[in-house]
Amino acid sequence: MESISVFDMLKIGVGPSSSHTLGPWRAAKRWIDSLKKNGHFEEITAVQVNLYGSLSLTGKGHATDIAVMMGLLGTDPVTYPIEKITSEIDKIHAGNKLLLNGELPIVFIPGEHIKFNRKFLEFHPNGITFNALLKNGSKKTSTYYSIGGGFVVQKERKREKIKMEKFSHFPFPVEKATELLAYCSEENKSISEIVMENELSLRSKAEIHSDLKEIWNVMLNSMYVGCHTEGVLPGGLNVKRRAYESHKNLIGETPYKDEYEWISAIRNTEVKFRQILKWVSSFALAVNEVNASLGRVVTAPTNGSAGVIPAVLMYYLVIENHDGDHVDINKFLLVAGEIGSLFKKGATISAAMGGCQAEIGVSSAMAAGALTELMGGTPEQVLMAAEIAMEHHLGLTCDPIAGLVQIPCIERNAMGALKAINACEMALDSDPAHAKIPLDKVIATMWATAQDMTSKYKETSEGGLAVQVNISDC
């Protein structure tokens, strides 16, 4: 049984894609670590990187080449100042040199040493192979797979075996939603309480609270930055940022100094139904506009769907409960992370494997369930809300125009957030005993749908809107 921490599902990183940016970045760092561990690092004279499948087909639009170089530089996607990324990449292009792990200078010509191969590797559509040429003429090669949400594995999944052993002492190991409900019933606990018990087997309560607060602060900051940044998104589609104007029209002249005063200011604005729709949409759009411009966001469960969970949590804090605090935020994130892990175990959170249902659909389900617990729902209603949200995303394709996480991706986050709120309300008004489709069944259906879906609808930009709409039309 694979046990997944909330902090695996909700990771701080850099946009625009968890599988195409954060994953390759982490893979490059992991590869360097392995070379150092095996005593080969100092012998390296040259490096070659090969991208395969979806990483190749939409890699340019997802900044995969940039992410690889940042990883080879030894930088950390969680903490590296995003405003410095462009200058670092420009330096490599200008000098055709790269300081490997920040310590070993090598000749590196991006156009030659990063190859985009249309071929798909068998194990997963997101394959990346690193080759190091050593002084003695031998070559060290390793292949990694970015499987969605920033998760990186090798084919033999050695690290996953280690992780599974490490997490085997979870007091409440969960593979399916039915098991989670059974624990809640037996222990008379909410879902967030069960998840907290599992997390406490890995770290202290103080560490959990601190790490969850950091995650929320990044989410809040991405909403704040997105709502206060105007202009056009990078990439060539000339997509105008919309969160700025939407926020400006909603907030009016209300004064505030920072993110937390901003929350108070929003609480004092008009809260008619139409305004609520606009606020939630603005929050979601803001995050994904930040994500699309290589900003810092939280994978929830992926970068492409990073706006849904922050938008729904912000909705709770500024509309539903003005007294909401970090206790509520922690509960929300714990429940969301657990629901996301159910989808990862039973299906996928990778658009390259399952289409956009695996990203926006899963994030909407995560947000719906988490909101339902905060709104007083039972564990059964929480999972019912998650099922409703996913049920109405089944079959959603991933067809980004020009391989950019912009059209239709950004708008889909707003729609996913609104669907999550609606799913929560329907679950709260329902008796789960009369539900016809349990969450485990919809997860299995999502996976079956993913397997039936042709590859052109799985983050390749070879079908759907990606081929029906020309860049010039945008």
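Residues in region 32-55 that are farther than 19 Å from Ile89 by Cβ and either part of a helix (DSSP H, G or I) or not assigned by TED's automatic domain parsing to the domain that holds Ile109 (or both): Asp33, Ser34, Leu35, Lys36, Lys37, Phe41, Glu42, Glu43, Ser54. Against the numbered list (1) part of a helix (DSSP H, G or I); (2) surrounded by fewer than 20 Cβ atoms within 10 Å (Cβ to Cβ); (3) within 20 Å of the chain's Cα centre (by Cα); (4) of a type outside the set (A, V, I, L, M), Gly395 comes up short only at (1). Against the definition (basic (Lys, Arg) and either in contact with an Asp or Glu (Cβ under 9 Å, 6 or more places away or on another chain) or within 25 Å of His20 (Cα to Cα) (or both)), how does Lys331 come out, yes or no? Spelling it out, Lys331 is indeed basic (Lys, Arg) and either in contact with an Asp or Glu (Cβ under 9 Å, 6 or more places away or on another chain) or within 25 Å of His20 (Cα to Cα) (or both).
On inspection, Glu462 fails the criterion of being under 21 Å from the mean Cα position of the chain (by Cα) and in contact (Cβ under 8 Å) with a residue 12 or more places away in the chain. At least 1 residues being closer than 17 Å to Lys11 by Cβ and touching a strand residue (DSSP E or B) at 6+ places or on another chain (Cβ under 7 Å) is the threshold, and among the helices (runs of 4 or more DSSP H) wholly inside region 258-335 those reaching it are 273-292.
Of all residues in region 305-329, exactly one satisfies the criterion of being crowded, with 24+ Cβ neighbours inside 10 Å and either among the polar types (S, T, N, Q) or at pLDDT below 95 (or both), namely Ser305. May I ask you to verify whether Ala466 is within 30 Å of Leu51 (Cα to Cα) and surrounded by 19 or more Cβ atoms within 10 Å (Cβ to Cβ)? Yes; evaluated as a whole, the condition is true for this residue.
If you take the residues in region 213-257 that are of a type in the set (Lys, Arg) and not in a loop (DSSP other than H, G, I, E, B), which one is farthest from Asp325 (Cα to Cα)? Residue satisfying both the conditions and the ranking: Lys240.
The values are calculated or read from the model by the stated rules, or taken from the named source; none is laboratory data. As the structure is a prediction and not an experimental result, all values here were calculated from the model. FYI the Cβ positions are ideal-geometry reconstructions off the backbone, even for glycines, and counts take in every protein chain you see.
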